[in-house]
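Have a look at the structure below before the remarks.
The values are calculated or read from the model by the stated rules, or taken from the named source; none is laboratory data. Predicted model, so just to flag it, every value in this text is computed and none were measured. Because the Cβ atoms are built from the backbone with ideal geometry, glycine has one as well, and the counts that use them run over all protein chains shown. Just the protein is used for accessible areas: all its heavy atoms, side chains included, with ligands, DNA and RNA removed. Shrake-Rupley method; radii C 1.70, N 1.55, O 1.52, S 1.80 Å.
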Amino acid sequence: MLDTFEILTTSGVVLWSRTYVPVGANVIDSLIRDVFIEERIVPQPDDVGQKPTYKKDGYTLKWTTAKDLGLIFVAVYQSLVHLTWIDKLLDNVRALFTGLYSEQVKEKKASTIDTQKFTPYFERQIQELEGQSDASTDVKLTPPSSSGNDSAEEKEHAPTFPLLQKPQRPLYDTSAESTPVVTPSNSRPTTPGQGHLIMAKGKPGQKLSRRDRKKVAATSAPASSGDEANVKRKGKGATKKNRVWGEFGADEEDPDVVLDYSQSDLRGDGAEQETLEEIKPETWGRKTGKGQFVLKDLDEEMDAIISEQNAKKEKSQPSSGLVGSSLGAIGGLFRNVVGGKTLTKEDLDKSLKGMEDHLLKKNVAREAAVRLCESVERDLVGLKTGSFTTIESTIRTSMEKALTKMLTPTTSLDLLRSIQTVNSTTTRPYVISIVGVNGVGKSTNLSKIAFFLLQNQHKVLIAAADTFRSGAVEQLGVHVKNLKELSKREGGSVEIFEKGYGKDAANIAADAVAFAEKNGFNVVLIDTAGRRHNDARLMSNLEKFAKLAKPDKIFMVGEALVGTDSVAQARNFNASFGPGRGLDGFVISKCDTVGDMVGTLVSMVHATSIPVVFLGVGQHYADLRGLNVGSVCRLLMS
Amino acid sequence: MAWYDEDSWLTAAFAPNIATIAVTLLLALVLPFLVHAFIYRAQSPAALPTFLLIGPSGAGKTAFLTLTECNTPANTHTSTAPLAIDALLPDAHPPSSASFRSAGDPAYERARRFLLLDTPGHGKLRRLALAQLTSAANIRAIIFVVDASSVADEAGLNDAADYLHDVLLSLQKRYTGAKTSKGPKEIPVLVAANKLDVFTALPPHVVKVSLERAITDVRKSRAKGLKDSGAALGGTDDGLDDERECLGEGGEGPFEFRQMEEVGTTVDVQGGNVLGGDGSDVDKWWAWIAEQL
Ligand SMILES: Nc1nc2c(ncn2[C@@H]2O[C@H](COP(=O)(O)OP(=O)(O)OP(=O)(O)O)[C@@H](O)[C@H]2O)c(=O)[nH]1
Ligand SMILES: [Mg+2]
């Protein structure tokens, strides 16, 4: 069953919502965080046919957006149930809502709009779609909880109308105003007219017991949808429409008023302890007629709005006729210069191809470039270009924004402060380990980090856990000697922890941590053996390593020079530490050698959503830098 | 050739020439439009003073914005885009610049109006908010909303302190970087400790002290931190920006909000709650806004 449906703006304000079962606000919050901001989950493009889904805490969320209005439509339901009609519901609700409220939403300088009137539309959509799909899917068929004076007749047909249970659900309704249509407040679960009508409309083939059918026919003629009745109803509906709905925008008369009327009738009925037989057929007819006409109006209007919106969408597709297309082309050209053009996929494709090539030239891996372009496309399709901006410049700004967003870390990456925090709360030293493929400069960058820490008066133990490559330990020894020399004045202290070759790296690392704790070192840096990221045997060692050494931070060193391989490297290393543990950051080495081709950064961050912490920019110990997102973006876009 | 000669320009101007007629017609037709355009540009209402809502995600910025606009807080979720609304100060708080005027006076009504600009607080989107801060010319004041219950734990406090540090630093940069000797107009900051209704929330004065302490740490580690890659990679970057600046008096000793007064920024800390069991209580914030108007 649908738990919650919300319509919210990109600025975070809920414009309209309908809650059947309360769902924590954090569920939708994390959808926004993971999908819209951090883009960790890439939604499938719309034309695959399915709306994208997101799962969280046992809920499934489906959503769609109205880009130009900045609206997000989200449906939340339990992952256990399988609802087939959510996609359709999202589409219809979007069409309806944009049709009704686009003017008000576009009018800026206001956060909320009055959307109370939307509830009946929504209810009808739900009823219709639920009716269309197999009625038996997941509606609980509890017997009506009515007072005992219901006739047997009624009890008997109740189960065939699962929708009759509907009225009881809005108990949890949190939206400002619940709809009278489906919320009769008395104990009579009948609202018979409505129930019948709904079924009559949504499911003409619904099986009714003969007796029921007879009753329906007898009591509410229009409901037994004969052709004749239909015609009549339509005609009446139209006149009614003029009266009740004629000025919907003006909101003078709203459906609630009319519905309230019929409802109060119902309530009256319930209060007097009438048996069914006592209800006069005419009363029924009038009542049901009334209810039905209103519903009918709603339906017609809804259909009109939806088809209008769909038509609009169709129209915005390029027209196929010769004249039309050439005229359109000229207009498009013109608008491309002055702005104000609504962007379509076709418009964007060519320019995006150029952008993709540009990114590839900057050494961004193809996969990352494609995804960036797709994200820009998602961002822009359906938008209007600003006045006097071309498609190209629009794409450029959007791409800059996408790059900035991608490279900016979610949380602060202040290493010094997190060392301080850990040191002040535990007796354990702060453990940093460095991983990476062979020859990318793990030891060099480890020494640079050590130098940086030494400058800040930390006591650093460097553990040589590369027990594999000959010469590795000695190389590290040389670094430590140099660092000792350099740090004399600064006041830090540094030692090396080594156990020679051939031992198990994970054990050495664990020993080093224990040693550091005993001897008053507050930071341990662990150098590991370089390994090919596609060497399954060596990579599997890392899991044990992470378990034993329990590093606070695992950094992966990647070369700025590496091309397409960077994506696979980042992914494999990130996945190699076992479940629940991944990399904490990248150190990109040799950035000084690539000029403006800093695409590797983008590729690696793209593949894993893990931030770049340090950049190595030279041969000296001091040549380590933090990442300046702005300047990297400038380099990439230049 | 005197001005009254037969072929002088003046004579031509009064003669029934085609050119004369054309020029006159053109003038007659175009002039009204020009005048209209000129007048209406000149008269376009002076831009409203802007109050910038800034702060970590989930602090209650958007909630406060909706409360200010419609007197009841709407449901909100994480924001991904900024939002500006035209707001009206509640009657109970007369703006300081018009405190002697009576309600109903148009000047009073005008003084009550201001623009409230909400920004997303997610880490990846802060850059945009900070850009607003330096670019928007008309920012009157900044309201830094912080969740008083989340600063009780280390991570939440550090996050808020980090952000507040950046905000204050860019205010300081703006002040010290100004060309005029007088310095730019000062931008006061209100640290709005929100969610005081929550049982775990710290009282405002504790929020103040812990933020000051955390900012001291931030400042210390920023001073010691690595340089960023701007100059090293680009080479051609505006090298000036790379000069590191320390928040407050030389970055020595503990940081206090008082130190910001030297660079034209007063920082106040006031508590309140947008939501809560017995209604919202943000009078102190509105009073503060009224003071700035
Ligand atoms: N208990 C309590 N909850 C509050 C209060 N103010 C806001 N909240 C809740 O805090 C949550 C976050 O509020 P928002 O206004 O969306 O937060 P925000 O600062 O806009 O966050 P971002 O848009 O992510 O930057 C919402 O669920 C609010 O209901 C308050 O005073 N008390
Ligand atoms: Mg918000």
Practice task
Take the solvent-accessible surface of the protein heavy atoms, probe 1.4 Å, and return the percent of it on segment B:48-292 that carbon and sulfur atoms account for.
Solution key: 50 percent
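Let me check I've understood the local charge: for A:V567, count other residues with C-beta under 11 angstrom from its C-beta, Lys and Arg +1, Asp and Glu -1. What total comes out?
Values: positive: A:R366, A:R371, A:R571; negative: A:E367, A:D565.
Around A:V567, the surrounding residues sum to +1.
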Fill in the blank from the handout: Checked against a 24 Å limit on the C-alpha separation, the offending pairs among A:K51/A:K345; A:K345/B:K124; A:K499/A:K590 are A:K345/B:K124; A:K499/A:K590
Exercise for the section: List the residues of segment B:158-179 that lose 20 Å² or more of accessible area once all protein chains are present, compared with their chain alone (1.4 Å probe, heavy atoms only, no ligands or nucleic acids). Expected result: B:N158, B:D162
Completion exercise
Rounded to the nearest 100 Å², the accessible area hidden between B and A, summed over both chains at a 1.4 Å probe radius, is 3900 Å²
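Taking only the C-alpha atoms, wrap a convex hull around segment A:510-619 and report its volume per residue in Å³ as a whole number.
Details: hull volume 12.1 nm³, N = 110.
Each residue corresponds to 110 Å³ of Cα convex hull volume.
For chain B, what does -39500 (n - 2.57) per DSSP helix run (n ≥ 4), summed and divided by total residues, give at 222 nm, in deg cm²/dmol to the nearest 500? Intermediate values should be presented prior to the final figure.
Details: 10 runs with 122 residues, N = 293.
So the calculated ellipticity at 222 nm is -13000 deg cm²/dmol.
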Completion exercise
Inter-part gap, Cα centre of segment A:488-530 to Cα centre of segment B:89-168, in whole angstrom, is 49 Å
Exercise for the section: Determine the residues within segment B:101-134 where the difference in accessible area between the chain on its own and the full set of protein chains amounts to at least 30 Å²; count protein heavy atoms only and use a 1.4 Å probe. Expected result: B:H122, B:G123, B:K124, B:L125, B:R127
Problem - Global form of segment A:405-534, assessed from the alpha-carbon gyration tensor, a/c cut-off 1.5 - result: rounded
Practice task
Express in Å², to the nearest 10, the accessible area of B:H93 obtained by rolling a 1.4 Å probe over the protein heavy atoms while all chains stay in place.
Solution key: 30 Å²
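Cα-Cα over 28 Å: which of A:K362/A:K401; A:K405/A:K550; A:K401/A:K550; A:K56/A:K353? Can you show the working numbers first?
On the way: A:K362/A:K401 17 Å; A:K405/A:K550 30 Å; A:K401/A:K550 36 Å; A:K56/A:K353 35 Å.
Over 28 Å apart, Cα to Cα: A:K405/A:K550; A:K401/A:K550; A:K56/A:K353.
Above 36 angstrom, tally the Cα pairs of chain B and express them as a % of all pairs, no decimals. Working shown, then result.
Values: 13823 of 42778 pairs.
The answer is 32 percent, as a whole percent.
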Practice task
Mind checking A:621-628 for the average number of partner chain beta-carbons within 10 Å of each residue's beta-carbon?
Solution key: 5
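Check each of the trypsin sites (Lys or Arg not before Pro) in segment B:243-293 and keep only those in coil by DSSP with at most 13 other C-beta atoms within 10 angstrom; list them in order.
On the way: sites: B:R244, B:R258, B:K284; in loops: B:R244.
The qualifying sites are B:R244.
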Practice task
Compute the acute angle (0 to 90°) between the alpha-carbon long axis of helix B:154-176 and the principal axis of greatest extent of the alpha-carbon atoms of chain B; round to the nearest 10°.
Solution key: 40 degrees
Problem - Folded to 0 to 90 degrees: helix B:126-135 orientation relative to chain B principal axis, Cα - result: 50 degrees
Fill in the blank from the handout: With R₀ set to 41 angstrom, the calculated FRET efficiency between the beta-carbons of A:L486 and B:A178, to the nearest 0.05, is 0.55
Practice task
Using only Cα atoms, find the angle between the long axis of helix B:18-43 and the longest principal axis of chain B, and express it within 0 to 90 degrees, rounded to the nearest 10.
Solution key: 20 degrees
